[in-house]
Amino acid sequence: MNSHGGGGEEGEKMEIRKEKVVLMWGYLPGSSPQRLPLLSPAVVHLPQPVGGDSWKDVSGGGCGFAMAISESGKLITWGSTDDLGQSYLTSGKHEETPEPFPLPTEASIVEAAAGWAHCVVVTALYLVGVGLHRYGSGEVYTWGWKECVPSGKIIGDQSAGGSLEKDLLEKQSGLISEQVSPRSQLSRSSGTPSSNEIRGGEESAKRRRLSSAKQAPESSTSSDETLPALPCLVSLSPGVKIVTVAAGGRHTLALSDVGQVWGWGYGGEGQLGLGSRIRMVSSPHPVPCIEMPGYGKDRSLVVPRGSINSEGQTYKVPGNYVKAIACGGRHSAVITDAGVVLAFGWGLYGQCGQGSTDDELSPTCVSSLWGIQIQRIAAGLWHTVCISVDGSVYAFGGNQFGQLGTGADQAETLPRLLDAPSLENKHARMVSCGARHSAIVTDDGKVFCWGWNKYGQLGLGDVIDRSIPIQVPIDGRLPKNVSCGWWHTLVLAESPT
């Protein structure tokens, strides 16, 4: 942050330059000393090969690995669970220290996200004018589990008769042409995770009621689908420029510069918002979050669901485009430009905010938040947290470890306003969710964490879970962003040099 002030008689502007640092706490195999959790914030140092560079942003990470971005546009990765075959997600063999990740592009990285075991980044574009000018973001690269990397295949739910899959394939080109615009338009114990925990953590998310629909035969997925895939360029329609991405357990969402959401990966619980339990969508498809002109008269594909009043009338989803996206373990959420939240996917713990535990196969308005303008949103394995324009925090979904911050451990199927004394007169401006913990940054420069703390992911010096937001001591540094991995937390902060 720059500070401008008077400079004596000549009125010179004095600039106070502040060093950006990355703070980390929690558990990262391969980077923590003796593979033990970091219970309190520790400074992460940039690697020597990028000396002279500085930190630009933090991007959380996935299961056992972390990611951040340097000012020069390099993706920096560290941590790994290489003994379990996940070191391909990071650079180096053991990743004891952060290193630049080798990508098949020289373009700068401006956004990054990670799921359980896959990563996705967005590159910047530059225009030549009066000097170099960064226009924005554009291309998307992804790597990790093969089932999370686009390959052009669609594996659907046979009980649905394949009609949706056929419609998607036949109508995709028409939808894309209408929706693309030119750029000018714009736990409670200590210790380290066991092998079973690492292997089975994501699979525990499968504990849901069985769908009445038959699952497609597993033979449609080859035995090496979960083997690692190297970084590859995601093929999107010409003219589509992506500005941000989000990664869930096994699915990915991308948001374009005109507010269109794209999705791919696993969709068995509706987390891709396509109106059906499509098991695998391995090419990017537009997610119909807002009813746009491109859908025309044929509405059989899928349309977003509004709120239904007592007479059964369906209201139109407020807004003209999507401005923010989030992916949880098996659910997703977006915010429209009108500040309305839509959620879709797995709903067993109420993480879609509908007052029920049903799965939502299409983007559905969280109607109890209507009238409250939401500006930020994040999703964990089983829960969702969002922030309103006035800095209030709302949470819903699973709460086994206190990750909702309500002071209890009961799930909430409707959004619950957090009214903990620790947040009195506080206004949240950033939010992030780990697998089972949550974090916010307030406008007065404080970091609060709550939820599961078995591996120190709350940064409070112990391994005791918290069910209300607790301030994390960061030694007077000014936090600029927070981003949670599955078992760890990263904060980008400024401190005077």
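Of note:
- Of residues in region 405-422 being assigned to a strand (DSSP E or B) and open to solvent by 50 Å² or more (accessible area, probe 1.4 Å), the one nearest to Val366 (Cα to Cα): Leu414
- Looking only at region 219-249, residues that are of a type outside the set (A, V, I, L, M), in contact with a strand residue (DSSP E or B) (Cβ under 6 Å, 6 or more places away or on another chain), outside any strand (DSSP E or B) and modelled with pLDDT under 95 come to 3 in all.
- Single residue of region 99-126 satisfying the filter (charged (D, E, K, R) and outside any loop (DSSP other than H, G, I, E, B)) that is nearest to Ser59 (Cα to Cα): Glu111
- Among the residues here, Leu381 qualifies as in contact with a helix residue (DSSP H, G or I) (Cβ under 8 Å, 6 or more places away or on another chain), assigned to a loop (DSSP other than H, G, I, E, B) and within 21 Å of Cys327 (Cα to Cα).
Residue-by-condition table, conditions (1) of a type in the set (S, T, N, Q); (2) surrounded by 24 or more Cβ atoms within 10 Å (Cβ to Cβ); (3) at pLDDT 90 or above:
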residue	(1), (2), (3)
Gly64	no, yes, no
Met67	no, yes, yes
Glu96	no, no, no
His118	no, yes, yes
Val130	no, no, no
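- Qualifying positions in region 400-447 - β-branched (Val, Ile, Thr) and within 18 Å of the chain's Cα centre (by Cα): Val431, Ile440, Val441
- Residue selected from region 250-291 under the condition hydrophobic (A, V, I, L, M, F, W, C) and not in a strand (DSSP E or B), by the criterion nearest to His331 (Cα to Cα): Leu272
- Only a single item in (1) part of a loop (DSSP other than H, G, I, E, B); (2) at pLDDT 60 or above is not met by Ala333, and it is number (1).
The values are calculated or read from the model by the stated rules, or taken from the named source; none is laboratory data. Keep in mind the model is a prediction, meaning the values are calculated, not measured. Glycine also receives a Cβ, built like all others from the backbone with ideal geometry; neighbour counts cover every protein chain displayed. These area figures cover heavy atoms from the full protein model, side chains too; ligands, DNA and RNA do not enter into them. Shrake-Rupley method; radii C 1.70, N 1.55, O 1.52, S 1.80 Å.
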